[in-house]
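Only the coordinates and a few stated rules stand behind these numbers; no lab work does. Quick caveat: nothing in here was measured; it's all calculated off a predicted structure. Virtual Cβ from ideal backbone geometry, glycine too; neighbours counted across all protein chains shown.
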Amino acid sequence: MSDKQDARPRLLVSRCLGFDSCRYNGQMVTSPLVEALKGHAEFVDLCPEADIGLGIPRPPVRIVVSGGRHLLVQPETGADVTGRMETYVEQALADAGAFDGVILKARSPSCGIKDVKLYASPEPGPAVGRGQGLFGGAVLARFPTAVVEDELRLQNDRIREHFLTAVYTLARWRQAELSGRSEDLYTFHARHKLLLMAYNQTALKQMGAILARQKGMERSEVVDSYHALLTSALSRMPGAGAHINVLMHALGYVSGDLSPEEKALYLDTMSQYRANILPLHALTTLMRAWAVRVHQPYLLEQMYFAPYPPALAPQVEQGRGRTYWHDRTEEAG
Ligand code: SF4
């Protein structure tokens, strides 16, 4: 299991999330994850509202539900920009090329993927429902198995973990596929067995079967079928039970080298993970340390234990790096 992470995911992102002050009020939003990803990923930034010529700053737009349609209107000017936005969406998504994941601004009438306020008219009044923005909804509809999140949901540790795992796995697949070598496809599959076991055991078996019979198939057929199964498998976050299943499976590779106390510690840590007291990292770090100690080659190759660059792991301690003890002794002096 190498810590080396060569693959850089290609991500579509709302431009106002740290790339330009393009919000309706001329401001920008800071997403801690987007900031952390700069330097570890390639971004394609889009601002649908600025890109269709609404200007920066601009009077805000809202979604008005009329005749069963969701219209994008600008109450202050009376403009209905639905047609411009729909044309833009088609062109922008066609031009964007292949991507491994999407991070959109939450609750925006253009970029939002959920919880966007819907109104009955452009006139002042309360929201009558919640839905998707015109651009965010189009991304979800066009790419139903894509890894699409908004910056607020990505503040949740489990969603962030899943997002990073999925986009880095897809980026590694793209890298293996682009090399043109069949052995790179086999290596990818071999190194992701535990990860895919957590996500979808049926898909894992089907993907293995595709690679096993690839000699009689066109390479494009192999790659496309495998990629379709991979994106589908990665589109749903695994539950705690699936991870426990994988970690019990991993235990079988090292249990002969562990003491009864170590096994008891592992099982106790597992119970605390199941009860949502400890994070998954507590278990994977234990197993990873044992794999290193006993030189277990299969486990050492598994990306399950290091699915994305360690620099992107959530910070567990606020103010890390500060010398609090030093501060205190200085104050005391
Ligand atoms: S939410 Fe989307 S449309 Fe609005 S400013 Fe951000 S990128 Fe532009």
Check your understanding: Which length gain, in nm to one decimal place, applies between Lys263 and Thr87 when the Cα-Cα distance is subtracted from 0.36 nm times their residue separation?
Key -> 57.4 nm
Review point. In deg cm²/dmol, rounded to 500, what helix-only [θ] at 222 nm does the chain give when every DSSP H run of at least 4 residues adds -39500 (n - 2.57) and the total is split over its residues?
Key: -14500 deg cm²/dmol
Practice item. Among the listed pairs Lys205/Lys263; Lys38/Lys263; Lys114/Lys193; Lys117/Lys205, give every one whose C-alpha distance is greater than 31 Å. Key: Lys38/Lys263; Lys114/Lys193; Lys117/Lys205
Point to revise | Surrounding net charge for Thr169, when Lys and Arg each add one and Asp and Glu each subtract one, Cβ distance under 11 Å | key: +2
Review point. Relative to the longest principal Cα axis of the chain, at what angle does helix 280-293 sit, 0 to 90 degrees, rounded to 10?
Key: 40
Study note, to complete from the structure: If the chain between Lys114 and Ala228 were fully extended at 0.36 nm per residue, the gain over the current Cα-Cα distance would be 38.5 nm
**Study point:** Global geometry of segment 240-312, whether rounded, prolate or oblate, following the gyration tensor of its Cα atoms and the 1.5 cut on a/c
**Key:** oblate
Check your understanding: In whole Å and largest first, what semi-axes does the C-alpha gyration tensor of segment 129-168 yield when each eigenvalue is scaled by 5 and square-rooted?
Key -> 20, 14, 6
Check your understanding: Mind ordering 126-133, 7-14 by average Cβ neighbours within 10 Å, highest first?
Key -> 7-14, 126-133
**Study point:** Relative contact order computed over segment 158-234 (Cα-Cα under 8 Å; 6+ residues apart), in percent
**Key:** 31
Check your understanding: When only Cα pairs under 8 Å and 6 or more residues apart are kept, what is the percent relative contact order across segment 240-312?
Key -> 33
Check your understanding: For the chain, what is the relative contact order in percent, using Cα pairs closer than 8 Å and at least 6 residues apart in sequence?
Key -> 16
Study note, to complete from the structure: For the chain, shape from the Cα gyration tensor axes a ≥ b ≥ c, cut at a/c of 1.5 then a/b versus b/c, turns out oblate
Check your understanding: Residues with beta-carbon under 14 Å from that of Ser232, excluding Ser232: net charge, scoring Lys, Arg +1 and Asp, Glu -1?
Key -> +1
Revision key, fill the gap. Taking Cα atoms, the helix 82-95 axis meets the longest principal axis of the chain at an angle in degrees (rounded to 10) of 30
Point to revise | Extension reserve of the Leu300-Thr77 stretch, reckoned as 0.36 nm per residue once the Cα distance is removed | key: 74.2 nm
Review point. How high is the FRET efficiency from Ser21 to Ala190, r the C-beta distance, R0 41 Å, rounded to 0.05?
Key: 0.35
Revision key, fill the gap. Taking Cα atoms, the helix 219-234 axis meets the longest principal axis of the chain at an angle in degrees (rounded to 10) of 80
